[in-house]
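For reference, the structure is listed below as structure tokens.
The values are calculated or read from the model by the stated rules, or taken from the named source; none is laboratory data. Here the structure is a predicted model, which is why all the values come from computation and not from measurement. For neighbour counting, all protein chains shown are included, and Cβ atoms are generated from backbone atoms with ideal geometry for every residue, glycine included.
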């Protein structure tokens with residue numbers, strides 16, 4: 001199934017500002033991402049400037065807070081995947097995102113390991129693997145799949161769409177890099193990438209569902 005990457009990009013930025021839930025999550029995401037950077041910097045400063053006896057526990061605390069914030073960022077990604085594709089809101093949305101979080105976390109860890117190994121192997125294999133596995137997170141959340149099945153399904157779903165998905169990621173990355181020259185804005189605009197993944201999921205799997213439906217009617 002082919003996807004329209006230009007339409008995906010346009011709708012990603014449209015939803016970023018027009019969907020109240022997505023906008024709220026994007027603002028929270030941007031604030032937390034800024035704080036993660038702050039705590040990372042704080043950890044480095046503590047280890048480099050304070051006496052070793054004090055730096056170990058304080059640095060560990062900074063590191064722990066940063067990890068918790070990263071987990072919260074991942075939860076917010078899942079929240080938006082569900083919001084865009086299932087149109088939930090309120091308590092139902094938060095509970096569904098929480099229910100699927102363990103699978104999303106496991107999927108993200110495995111995905112990161114695989115892509116990391118690919119990047120070690122002369123970068124290009126890592127880029128290829130990153131696009132092939134980029135839909136694993138949305139699949140884990142929206143199709144209720146375990147990490148292994150989510151990675152397999154992402155590999156299959158991106159077959160025939162690799163270049164379109166790569167173009168989408170590349171264009172959004174360029175836009176974020178340009179707008180990122182404005183202080184404190186880049187993390188907010190970067191959330192369009194998460195929205196794009198949710199839209200790509202909808203494009204790929206709704207088309208597959210409609211194709212199956214037509215085949216059954218015949």
#### Entry: Residue that is touching a residue at least 40 places away in the same chain (Cβ under 8 Å) and either in contact with a helix residue (DSSP H, G or I) (Cβ under 7 Å, 6 or more places away or on another chain) or in a helix (DSSP H, G or I) (or both), where the choices are 167, 130
167
### Query
Among (1) within 19 Å of the chain's Cα centre (by Cα); (2) loosely packed, with under 14 Cβ neighbours inside 10 Å; (3) at pLDDT 80 or above, which single condition is residue 23 missing?
(2)
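Rundown of residues vs (1) over 22 Å from residue 72 (Cα atoms); (2) surrounded by fewer than 19 Cβ atoms within 10 Å (Cβ to Cβ), yes/no style:
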{"position": "110", "(1), (2)": "no, yes"}
{"position": "122", "(1), (2)": "yes, yes"}
{"position": "132", "(1), (2)": "yes, no"}
{"position": "160", "(1), (2)": "yes, yes"}
{"position": "165", "(1), (2)": "yes, no"}
{"position": "171", "(1), (2)": "yes, yes"}
{"position": "187", "(1), (2)": "no, no"}
{"position": "195", "(1), (2)": "no, no"}
### Task
Tell me which of these residue 44 doesn't satisfy, since it passes every other one: (1) surrounded by 14 or more Cβ atoms within 10 Å (Cβ to Cβ); (2) modelled with pLDDT under 75; (3) more than 30 Å from residue 159 (Cβ to Cβ).
(1)
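Rundown of residues vs (1) at pLDDT below 95; (2) under 14 Å from the mean Cα position of the chain (by Cα); (3) assigned to a helix (DSSP H, G or I), yes/no style:
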| residue | (1), (2), (3) |
| --- | --- |
| 61 | yes, no, yes |
| 70 | yes, yes, yes |
| 73 | yes, yes, yes |
| 85 | yes, no, yes |
| 106 | no, yes, yes |
| 117 | yes, no, yes |
| 122 | yes, no, no |
| 126 | yes, no, yes |
| 134 | yes, yes, no |
